[in-house]
Every structure is written in structure tokens, then in C-alpha cells.
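First comes the structure, then the notes that go with it.
The values are calculated or read from the model by the stated rules, or taken from the named source; none is laboratory data. Quick caveat: nothing in here was measured; it's all calculated off a predicted structure. Cβ placement follows ideal geometry from the backbone for every residue including glycine, while neighbour counts extend to all protein chains displayed. These accessible areas exclude ligands, DNA and RNA; they are computed on the full protein's heavy atoms, side chains included. Shrake-Rupley method; radii C 1.70, N 1.55, O 1.52, S 1.80 Å.
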Amino acid sequence: MSTYLVTGAAGFIASRVAGLLLDAGHNVFGVDNMNDAYDVRMKHWRLNQLNRYANFRFTELDISQHKVLIDAVKMDLAERGQSSYDAVINLAARAGVRQSVQNPWVYVDTNVTATLNLLELCNQIKIPKFILASTSSIYGANAPLPTSEEADSNHPLQPYSATKKGAEALCHAYHYLNGVDVTVFRYFTVYGPAARPDMVM
């Protein structure tokens, strides 16, 4: 049995990931700031599904606030009698291309600063694995189809994709400097039950 820190736990993708981990018998510490980027009732509904598991704990917090994050992690680990997690699964994000043009600052806070805080956490308490949700938007305007991982991703066109590219670069730096084992998923359109209401489906 492993213990995971899952960020954005009330979100569409993260709540599903957390549920799969919980079904497999693992422990999950979920965090989410419950922002109003879309109807918060959907987030509360997803969270209620997870709260039925005895091996799930949740704290509402903003991972871009470094001290708040560290204090919550220390409290959770102390209550579990553990010194670290097996992995951080960072699925918290401000998503959406158009909204990022209107308010780029919140995208930098959530997608870049928060990723830095989590990578520092991995370094400080020796969490061996870091997983980051990124986006196909980083491939820019002329991505080849099908799109290979080696396709050019150095010309993001909006603050959203630029912040995700920045988060990826931070992951590479922490892997190089500190040996953190990093996996980055670049999602294309994701859909399914209880999905974000602003998606095409």
C-alpha cells in the first residue's frame, strides 16, 4: 500500500485518479483550492464521492502558497506516522486558453509557482516520484498530426500553454539537480462523466 499526494483532487481528472488509487487500496491526501473557474457544485460532487473512502483525506488549500502547503503536508504525515509520500501527482491547474489571456497572473500562480512549491517539497522530504499534468497546447499552431513527444514545444501561443511549458522546464531542472523521477503527461481533449462543463463534448 502506497500513500500519494494528489493536487486538484476535486477536479475532473484528479478525482478520477484519486478514486482509482483508493479502489486499489492506497492512501490519498487530496488538496484543492475549490476555485470558481467553473461551477463549484461539480467539484463538491466529485469530492463527496471521494469522501466515502476511509483511506482518503482532504484539505482545502492553495498550493501556490508555499508555507500553507508545507504546514498541511507536515500535519498529514505526522498523523499518518510517515516521513514522506510515495509520489506527488500534480493534477491541479488553471486550464483554458481564452481565460488565460484575460487573467494570466492566476495561471502563473497555479501552474508555475505551485509546481515549484511541489518540486521543492519533493526535494525537502525526499518524495521519489513527481507526476505533472501538462497540455498539448504547448505544441503551438503547427503541431504535426499525429503529434510526437519530440514535436516542437518551444513556441506556446497563450499564457496557459506558456505556464505549462514553464512547469515542464522546472520539472526537468529538479530532475537534473536533485534526481526527482518525473513523468509529464501532455493531455489533449479529455472527456467523460462529470467533466469540465466548458469542454467541447
What residue, among those in the stretch 25-49 that are in contact (Cβ under 8 Å) with a residue 24 or more places away in the chain and of a type in the set (A, V, I, L, M), is surrounded by the fewest Cβ atoms within 10 Å (Cβ to Cβ)? MET34
Lone qualifier among LEU22, LEU5 - being buried (at least 18 other Cβ atoms within 10 Å of the Cβ) and without any contact (Cβ under 8 Å) to a residue 40 or more places away in the chain: LEU22
Residue check, LEU177 crowded, with 18+ Cβ neighbours inside 10 Å and at pLDDT 95 or above: no
Can you go through SER137, SER100, SER148 and tell me which one is open to solvent by 40 Å² or more (accessible area, probe 1.4 Å), of a type outside the set (Val, Ile, Thr) and either more than 14 Å from the chain's Cα centre (by Cα) or over 20 Å from ASP32 (Cα atoms) (or both)? SER148
Return the total of residues in the stretch 153-189 being over 19 Å from GLU120 (Cβ atoms), touching a Phe, Trp or Tyr at 6+ places or on another chain (Cβ under 7 Å) and assigned to a loop (DSSP other than H, G, I, E, B). 1
Which of (1) open to solvent by less than 70 Å² (accessible area, probe 1.4 Å); (2) charged (D, E, K, R); (3) farther than 20 Å from CYS171 by Cα does ARG57 not meet, given it meets every other one? (1)
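Open to solvent by less than 30 Å² (accessible area, probe 1.4 Å) and either among the aromatic types (Phe, Trp, Tyr) or free of Cβ contacts under 8 Å to residues at least 40 places away in the same chain (or both) - does that describe any residue in the stretch 65-80?
No; the residues of the stretch 65-80 include none that is open to solvent by less than 30 Å² (accessible area, probe 1.4 Å) and either among the aromatic types (Phe, Trp, Tyr) or free of Cβ contacts under 8 Å to residues at least 40 places away in the same chain (or both).
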For the stretch 117-134, check the following and say yes or no: at least one residue is closer than 17 Å to SER161 by Cβ, in contact (Cβ under 8 Å) with a residue 12 or more places away in the chain, open to solvent by less than 70 Å² (accessible area, probe 1.4 Å) and touching a Ser or Thr at 6+ places or on another chain (Cβ under 7 Å). yes
Specify which of the listed residues (SER64, SER2) is among the polar types (S, T, N, Q) and either in contact with a His (Cβ under 8 Å, 6 or more places away or on another chain) or on the phi > 0 side of the Ramachandran plot (or both). SER2
Evaluate the stretch 84-96: report whether one residue or more is farther than 26 Å from ILE138 by Cα and either open to solvent by 60 Å² or more (accessible area, probe 1.4 Å) or free of Cβ contacts under 8 Å to residues at least 40 places away in the same chain (or both). yes
Residues being out of contact with any strand residue (DSSP E or B) (no Cβ under 8 Å at 6 or more places or on another chain), touching a residue at least 12 places away in the same chain (Cβ under 8 Å) and farther than 21 Å from ARG98 by Cα - total across the stretch 148-172: 3
